[in-house]
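Reviewing the structure listed below.
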Amino acid sequence: MRYAVLAPVAAGVTADPAWIGAYAEHADACGFESIVAVEHAVVASRYDSVYPYDASGKMELADDLDIPDPLDLLAYLAGRTSRIGLATGVLVLPNHHPVVLAKRLATIDALSGGRLRVTAGMGWMREEIEACGAAFDTRGRRADEQIAVLRALWADTAPEGATHDGEFFSFRNAMSYPKPVRKGGVPLHIGGHSKAAARRAGRLGDGLQPLGVAGDELEALVKLMREEAERVDRDPDVLQLTLGHSLAKVTPEKAEKLADQGADRLVLRATTTQDLREAKDELSSCAERLGLS
């Protein structure tokens, strides 16, 4: 089991360089596998969209909360740490042009020594996605093409370069360097709670991070991901499953139960506090409890 820690965005500290830098350094020293950054390019102060992970239909984060760009944040943390992985969870894919995104992701991966992992989703807030210039209702088809563009630009296509002609994006003989460190590019997981997300993970991704699901619903999504991988002649056994838990409450026994459900990684949510000492103590206690080094 791999244990990741979610950058504590709810505490309003992730744009404070001293706070989040020290937190990431401590997570690195404690032996956590990765630190995960969330994304909202903008948050509409009034929105009709329904947040799917709370019964109220509204997300728990304040509209005016500091939510730094996850890639810029991870680039900063790459320079503050030496070992820990750097991940998004979830990057809102419709907010980004894939040609520019391919360069940004490859750059972070190269400068961090191959430590980047991306979990991307389609996004739930129509107002945010439309503010970024994408159509909400076609974001799924657009995302499939975005992933194809990313992988094309990460591949070694020299000396001709990459060419793509699609519904949303088109270019010829494009040379994008640096390349990601690992063969095959930056690991790209799919986040979401829908059947479409599970199918996309099986067809195009390196894993699935199903949000807000458990029990039979989780089992069905994992089964669907594996079936879709087999349908397109991909090996389902190489696909990873990432689930969530509480940093304060996770135990080896609970982790083992989630492993029995297929989990390869847990993303752990910290208790909301602006007290850096308390936050670091929680990391230390969890690492000791889980036997991390």
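A few comments on the model shown:
- Ala162 vs. criteria open to solvent by less than 20 Å² (accessible area, probe 1.4 Å) and closer than 24 Å to Leu208 by Cα: no
- The residue of region 16-75 that is nearest to the chain's Cα centre (by Cα), among those that are within 24 Å of His96 (Cα to Cα) and of a type in the set (Ser, Thr, Tyr), is Ser34.
- Among the residues of region 252-269, the one identified as open to solvent by 30 Å² or more (accessible area, probe 1.4 Å) and closer than 16 Å to Ala27 by Cα is Arg269.
- Hits in region 270-281 - residues which are surrounded by fewer than 19 Cβ atoms within 10 Å (Cβ to Cβ) and either at pLDDT below 95 or in contact with a Leu (Cβ under 9 Å, 6 or more places away or on another chain) (or both): Thr271
- Qualifying residue in region 17-38 (condition: closer than 26 Å to Ala143 by Cα and of a type in the set (D, E, K, R)): no
- Checking Gly184, Gly212 one by one, the residue that is out of contact with any strand residue (DSSP E or B) (no Cβ under 7 Å at 6 or more places or on another chain), surrounded by fewer than 16 Cβ atoms within 10 Å (Cβ to Cβ), over 30 Å from Val100 (Cα atoms) and at pLDDT below 95 is Gly212 and no other.
- Unmet criterion (only one of (1) surrounded by 15 or more Cβ atoms within 10 Å (Cβ to Cβ); (2) acidic (Asp, Glu); (3) farther than 15 Å from Ala120 by Cα) for Asp206: (3)
- Residues being outside any helix (DSSP H, G or I), under 13 Å from Gly262 (Cβ atoms) and open to solvent by 30 Å² or more (accessible area, probe 1.4 Å) - total across region 222-251: 1
The values are calculated or read from the model by the stated rules, or taken from the named source; none is laboratory data. The structure displayed is predicted, hence computed values, not measured ones. No Cβ is skipped: glycine too gets one built from the backbone with ideal geometry, and neighbour counts run over all protein chains shown. Please note that ligands, DNA and RNA were not included when accessible areas were found on the heavy atoms of the full protein model with its side chains. Shrake-Rupley method; radii C 1.70, N 1.55, O 1.52, S 1.80 Å.
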